[in-house]
């Protein structure tokens, strides 16, 4: 069934479905939410998988989000749509909007779908991965709870705002860019906090707006901020800020969601700020057909050539070859499909608590 | 006429037109190329303006590019196109392709246009700026001569690959993201070389693949590489690499241009590599209508609110307020429209040489 502390992917996904069902979600909504989480665990992005089920449970059980949101298309053309998520969980709202984007792209060659009044949507790469399966080049952006300061500032005005682009490689794994627009994921700061280790300069600013290497200063009740990609002016922090700002504007401002510091608080929805405009978080999905631009078989040769060329680029350390974006996820998929998903004891105990609280069998 | 070493924008633009005409370009091609250069000087991006006229003159006068390229639409749908640039200068090819993208977007709501067999296209922000004037959200990407190493590598596999997104602010200047995907522009390394000053760690690797603070090691005949945004793993260099790789794939691989290390050499076209696939450099233009997604007047309120909110974010140094992307360019436009474009003596002497060589009056 499971090796050591590993759990079969399907068992974990089934558990999430049962939990969502018990909390009143329809079969369809439960399946969508569970699929997004499972895809994260499968790709090795443990921070965004079933380890977060307890947060979604909190949102649903305390009424911060409806179990079955009224997802509605508000405005529409052949190649665009604005979708209102009805305040639902992003992992149930965003897959629906993304499928609208994919369908419109298949019909029209290109499409953009904006989503408002949604919430945390899991890994951005789930959405672009759905599109690359259809040989589409695809974008997925979302804004998020504010933790990141603009360049020159110490005020957390931006979320870690994920930015994903998926590029199909016909017959193989896609090239998958899926990144927070902060220099580092908050999960790495949390690990350093637990292990009482120093962090590198450039991950965050303390309550005085100074760079700190003490992770305990980046959490709790005191003010702090994380930093955009680049961390410091000499390494391009203003460019990281541009990318984060872009994601906030396209996700939040365009479709009328809470933007900047007004996004809801994912971990603590009870302390969410009142937005200046709009409601919830926003997302943007976009795609276009490779075949609308070029012959697919010829493109396939070229993208394979690109991959071979970059894999063979001279490494600084021969032990650390150049990676193709998405390659670490491919390795995780192979491992976890064969051997299951490793869960640490803390995560297992949150799942066991959910199991007890809701009376849903946990596979462990 | 001009204050000190300043020249009127219109005079410089007229000079570029006359130079291109003398080299055999049609009125239309001369006007397009001169407009792209002038827009760069107007925005204060001096490295990409008339200071580079001598390089374009070299391309045309030595036959590396035709004066009047056969720009052709190779493949087309209502919302997409693949354009072959006929080996022309990017500053004459890309404006045509970008207008095709804008027209298709106005007709269909969204569009993407890929360009192959082109060359250096000037500032990416010129293209997105054309689209924001029509209240479109717009992308412009290009690959470039390879100088930048992927994360983990010391081999220059990527160009400084510019990435621009323009976001319209109805009735005002757009929010303009226009950045190289390298940590720093090569122009800043050249300045340090001339002034014999040290550069910060993180701008480039020397011939051994080690970080260097000596700018003389990043040029000349020895191997060297620049670094993507982030510069080092702790500051997100793998994310900068992803962004640069994305730009290379969408600009070069998609439409079949020279990708990775195979882009032509802009400064020294005579030593350009033979590409594995395709010819020249490639670009990608994309756009969608704000109005297809949301009410324009309401959007206008929200984007103005976003700007006000971010301008007021707490600065670390009160002397250095938070900037909105594109704000430095706005300040330059105001200055240069009123007071002319400052040109340094070296640039003036290259222009005087062109004037003498081609028998075209220079305004100085």
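Each other copy holds its own label point for residue B:72; taking that point as 7 Å from Cα along Cα to Cβ, the gaps run 5.2 nm, nearest first. Take residue B:268, push a point 7 Å out from Cα through the beta-carbon direction, and compare it with the same point in every other copy: 5.9 nm, smallest first. Judged by the mean number of other Cβ atoms found within 10 Å, the most tightly packed of the peptides B:234-243, B:347-356 leads the ranking B:234-243, B:347-356. Here the Debye sum runs over all C-alpha atoms of chain B as equal scatterers in vacuum, and log10 of I(q)/I(0) at q = 0.07, 0.09, 0.12 Å⁻¹ comes out as -0.30, -0.51, -0.95. Mean per-residue shielding of peptide A:103-116 is 4, counting Cβ atoms of other chains within 10 Å of each Cβ.
Neighbour counts of other Cβ atoms within 10 Å put B:337, B:181 in the fewest-to-most order B:337, B:181. Taking the empirical scaling 2.2 N^0.38 Å for compact globular proteins as reference, the protein assembly as shown has a Cα radius of gyration ratio of 0.94. Shielding by partners for peptide B:148-157, expressed as the average number of C-beta atoms from other protein chains within 10 Å of each residue's C-beta, is 6. Here the gap between residue B:68 and residue B:213, fully extended at 0.36 nm per residue and compared with their Cα-Cα distance, gives a gain of 47.9 nm. Its alpha carbons give region B:181-312 an Rg and a Dmax of 19.7, 56 Å. Simple spin-label estimate for residue B:11 and residue B:76 gives 4.3 nm between the two label positions (7 Å along the Cα-to-Cβ direction from each Cα).
Taking every C-alpha pair closer than 8 Å and separated by at least 6 residues, the mean separation divided by the residue count of chain B gives a relative contact order of 21 percent. Per residue of B:173-186, other chain Cβ atoms within 10 Å of the residue Cβ number 3 on average. Distances between equivalent label points of residue B:363 across the copies, with each point positioned 7 Å along Cα→Cβ, amount to 7.2 nm, shortest listed first.
Using only alpha carbons, region B:87-167 has a radius of gyration to Kirkwood radius ratio (Rg to Rh) of 1.04.
Take each peptide in A:110-116, A:22-28, count the other Cβ atoms within 10 Å of every residue, and average; sorted highest first, the result is A:110-116, A:22-28.
Sorting the segments B:65-76, B:46-57, A:160-171 by their residues' average number of neighbouring beta-carbon atoms within 10 angstrom, most packed first, yields A:160-171, B:46-57, B:65-76. Expressed as a whole percent, how much of the Cα-Cα distance distribution for region A:164-204 exceeds 17 Å? So the pairs more than 17 Å apart make up 51 percent of the total in region A:164-204. I need A:91, A:191 ordered by Cβ neighbour count within 10 Å, fewest first. Result, fewest neighbours first: A:191, A:91.
Compute the distance from the alpha-carbon center of region A:29-68 to that of region A:280-339, in whole Å. Taking the Cα centre of each part, region A:29-68 and region A:280-339 sit 26 Å apart.
Bear in mind these aren't lab numbers, they're just calculated from the coordinates by the rules spelled out. Since we're looking at a predicted model, the values are computed, not measured. Here the Cβ is made from the backbone with ideal geometry for all residues, glycine too, and neighbour counts use every protein chain on show.
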